[in-house]
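Below is one structure, written out as structure tokens, with a few remarks after it.
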Amino acid sequence: MSRHEIVVDLGSRSYPIIVGRGVSRELSDHLPPTARRAVIITQDGLPSVELSSIPSTTIRIGRGEEHKNLATIESLSREFASFGLTRNDVIIGVGGGMVTDVAGFAASAWHRGTAVVHVATSLLAMVDAAIGGKTGVNIPEGKNLVGAFWQPSAVLCDLDHLESLPESETRCGLGEIAKYHFISGQDLLGFDLDARVAACARIKADIVAQDEREGGRRALLNYGHTLAHAIETVGRHSVAHGEAVAMGLVFAAHLAHRLGRIDGDRVALHENVVGGTYGLATRPTEVFAIDDLMSVIARDKKATSGLTFVLDSERGLEVVNDIEPSTVAETLRGYLIA
């Protein structure tokens, strides 16, 4: 496998994404020169990182979305204070998407902004969650509703960490890769692992460079996420994020078809790519009340002008606002019982 370096081009705040085997050993090379101490945020059972260049302490947060909350941010902040972490120091997130979201948000808030470096250990984090600076935590009303844009100083995607990844975590990553399949039109499963991860990272890096704060094109990265977040919230995270995204991709195709944006062949393509090419479930097995899902969809972060979805069309993916709730509900009913 090769080593890949992709730059997220944000001017003076640009940073590298390093993809390859053993790249976590380069961690010290990517710390801010001002850093005199580091806090490593991780979870039990995850790979450790070596950091001999400056004094550090490790804080382990709980596993599971129930720990991705403001109470965890408060607990981390108190640990930062005890350790004497300053604005000039560094926070290091070592883990999957939950860890990088929490570490990034904690870094954005500590002293109103402290540097963060991510060592991504899951496929989902490598291809999506650790890149782009979107951080956040959940509240009972919805997923990632409290957060900030805070770009990391570097993202290290060490492919060695994927060797012990459970199959469920691999499926999560595949859900996001399926999203990039429709954004780019590339058959990403045809690439070697290093090239596949690098290709996804490059797609996201290019979009973030054009639209850092999701004012335009970056919203396309939310393809499949509107229903996904509703499934996660209503189901209390019984369906993992990437798997929910895969279901959301299929639902979005059905909604686009109902709105006359795509034909039946394009819907079938979504079903076949998600269910066949990527081998993921296209629908939840758990029974969800449509009213419950609709309530969460209405609170989605993108819903600034009525119900809002990223939908396919002959022109490609587009953000569509002001969709009639009855249209979404009827499409949901048909999608869930198909």
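The values are calculated or read from the model by the stated rules, or taken from the named source; none is laboratory data. On a predicted model such as this, the values are computed, not experimentally measured, just so you know. Positions of Cβ are generated from backbone atoms using ideal geometry, with glycine treated the same way; all protein chains shown enter the neighbour counts.
Miscellaneous remarks
- Unique residue being surrounded by 24 or more Cβ atoms within 10 Å (Cβ to Cβ) and touching a Gly at 6+ places or on another chain (Cβ under 7 Å) when the list is Val245, Val208, Val146: Val245
- Criterion: more than 21 Å from the chain's Cα centre (by Cα) and of a type in the set (Val, Ile, Thr) - qualifying residue of Val99, Val90, Val94: Val90
- Among all residues of segment 281-293, there is none that is part of a helix (DSSP H, G or I), among the polar types (S, T, N, Q), buried (at least 16 other Cβ atoms within 10 Å of the Cβ) and on the phi < 0 side of the Ramachandran plot.
- If you filter segment 119-142 down to residues that are touching a Gly at 6+ places or on another chain (Cβ under 6 Å) and in a loop (DSSP other than H, G, I, E, B), you find that the one that is farthest from Leu31 (Cα to Cα) is Ser122.
- Of the residues in segment 75-89, not one is touching a residue at least 60 places away in the same chain (Cβ under 8 Å) and either surrounded by fewer than 13 Cβ atoms within 10 Å (Cβ to Cβ) or within 30 Å of Asp192 (Cα to Cα) (or both).
- Any hit, segment 233-254, residues being under 22 Å from Asp9 (Cβ atoms) and either assigned by TED's automatic domain parsing to the domain that holds Gly95 or of a type outside the set (Lys, Arg) (or both): no
- For segment 148-159, the criterion of being without any contact (Cβ under 8 Å) to a residue 40 or more places away in the chain, within 17 Å of the chain's Cα centre (by Cα) and within 22 Å of Asn222 (Cα to Cα) is satisfied by no residue at all.
- Residues satisfying the stated conditions in segment 76-104, i.e. assigned to a loop (DSSP other than H, G, I, E, B) and either over 30 Å from Thr170 (Cα atoms) or outside the structural domain of Arg37 (by TED's automatic domain parsing) (or both): Gly84, Leu85, Thr86, Arg87, Asn88, Asp89
- Here Arg261 clears all of (1) outside any loop (DSSP other than H, G, I, E, B); (2) of a type outside the set (Ser, Thr, Tyr); (3) over 29 Å from Glu169 (Cβ atoms); (4) touching a residue at least 24 places away in the same chain (Cβ under 8 Å) except the condition numbered (1).
- Here the condition is being closer than 28 Å to Ser122 by Cβ and of a type in the set (Lys, Arg); of Arg283, Arg258, Arg266, it holds for Arg283 alone.
- Positions within segment 166-188 being among the acidic types (Asp, Glu) and closer than 16 Å to Ser122 by Cα, in sequence order: Glu167, Glu169, Glu176
- Every residue from segment 121-139 that is farther than 20 Å from His237 by Cβ and touching a strand residue (DSSP E or B) at 6+ places or on another chain (Cβ under 6 Å): Met126, Ile131, Gly133
- Any hit, segment 26-37, residues being hydroxyl-bearing (Ser, Thr, Tyr), under 28 Å from Arg202 (Cα atoms) and either buried (at least 22 other Cβ atoms within 10 Å of the Cβ) or at pLDDT below 95 (or both): no
- Residue that is closer than 16 Å to Asn222 by Cα and surrounded by fewer than 20 Cβ atoms within 10 Å (Cβ to Cβ), where the choices are Ser313, Ser326: Ser313
- Sole exception among (1) farther than 25 Å from Leu156 by Cα; (2) crowded, with 23+ Cβ neighbours inside 10 Å for Gly235, by number: (2)
- Here Leu159, Leu174, Leu145 are screened, and the one residue that is modelled with pLDDT of 95 or more, over 27 Å from His30 (Cα atoms) and not β-branched (Val, Ile, Thr) is Leu174.
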